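S.K.: Before we start, here is the structure in question, set down as structure tokens.
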């Protein structure tokens, strides 16, 4: 068994009487994430290292990517942050006597691999199944909403064009350029059970049939979902046509910053982000992800 050599920083931190909220968060997430399952999702697509330079371990790269998503950091920014933060370095399980933090280019390639093989969707689906099997999803009701993700509108880039997958939309008296993330939330528990992504100019109501569940009895939405019950996909569906739609006249619109070019790349990030948000809710409620009867 290999024993980690303690550094002066390790000894100094061990003597503290208080831990930071970041440390508590990372320790809790480290304990609840199903690492083995998520790693095995990535393994079939990951380089073996038999050719070219040796590759970093999947778990190391996944931990680094999660830090990037959680703290909204660039590839270079998360590399620097891990060197600066003892809590992040501990979460990464990096021992500077034996290895260094993966560089930004290595993280970029890893992120592209996750995006290409839709690993984010798989991770979100895995966690949704775990919540369901543990009896934490109540079913029967869904809250739907949409969030505008702002994308840079500048044409000062190599192609001289704005992102072709993003579009403009007017909300109130203001114009936005970007995409939308559409969310279906379990009304009984607050866990997110479904997310989709579209260009910003797609009306919220067009995604409602993709966000609700066949065992829903009631759906709640804001003024972005007028006439939801009259949509063809709802009226002609045996289960959906029985749902009661309770639509509030008050509008709701959040706007946050886009990170990557293209809807697919951003949806990989948001799938993982919402999966981890569900984990945080699970932790705060002191719930177990163990299957019922398991």
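Rule-based calculations on the coordinates, nothing more; no lab input. Keep in mind the model is a prediction, meaning the values are calculated, not measured. Counting neighbours? That spans all protein chains shown, and the Cβs are built from the backbone with ideal geometry, glycine included.
S.K.: Where is the GNM fluctuation largest for the chain (alpha-carbon springs, 10 angstrom cutoff): 218, 55, 101?
M.R.: 55
S.K.: Let me ask something else. Order the peptides 265-272, 126-133, 282-289, 26-33 from the highest to the lowest mean number of other Cβ atoms within 10 Å of their residues.
M.R.: Details: 265-272: 23.6, 126-133: 18.2, 282-289: 13.6, 26-33: 15.6.
My ranking of the peptides, most packed first, is 265-272, 126-133, 26-33, 282-289.
S.K.: Taking the Cα centroid of the stretch 124-156 and of the stretch 189-245, what is the distance between the two, rounded to the nearest whole Å?
M.R.: Cα centres, the stretch 124-156 to the stretch 189-245: 13 Å.
S.K.: Still on this structure, please answer the following. Sort 86-94, 177-185 by the packing proxy (mean of other Cβ within 10 Å over each peptide's residues), most packed first.
M.R.: Numbers: 86-94: 18.9, 177-185: 22.8.
The peptides rank, most packed first, as 177-185, 86-94.
S.K.: Now a separate question. Calculate how many DSSP beta bridges within the chain are antiparallel, expressed in % of all such bridges and rounded to the nearest 5. Walk me through the numbers on the way to the answer.
M.R.: On the way: 21 of 32 bridges.
Taking every DSSP beta bridge with both residues in the chain, the antiparallel ones total about 65 percent.
S.K.: Okay, next question. Going by the alpha-carbon gyration tensor, a ≥ b ≥ c the square roots of its eigenvalues, is the chain rounded (a/c under 1.5) or, if a/c is not under 1.5, prolate (a/b greater than b/c) versus oblate?
M.R.: Working: a/c = 2.08, a/b = 1.51, b/c = 1.38.
Prolate shape, in that a/c is at least 1.5 and a/b is the bigger ratio.
S.K.: Also: How big is the Cα convex hull of the stretch 8-117 in projection, averaged over all directions, in nm²?
M.R.: Numbers: hull surface 30.8 nm².
Average projection, Cα convex hull of the stretch 8-117: 7.7 nm².
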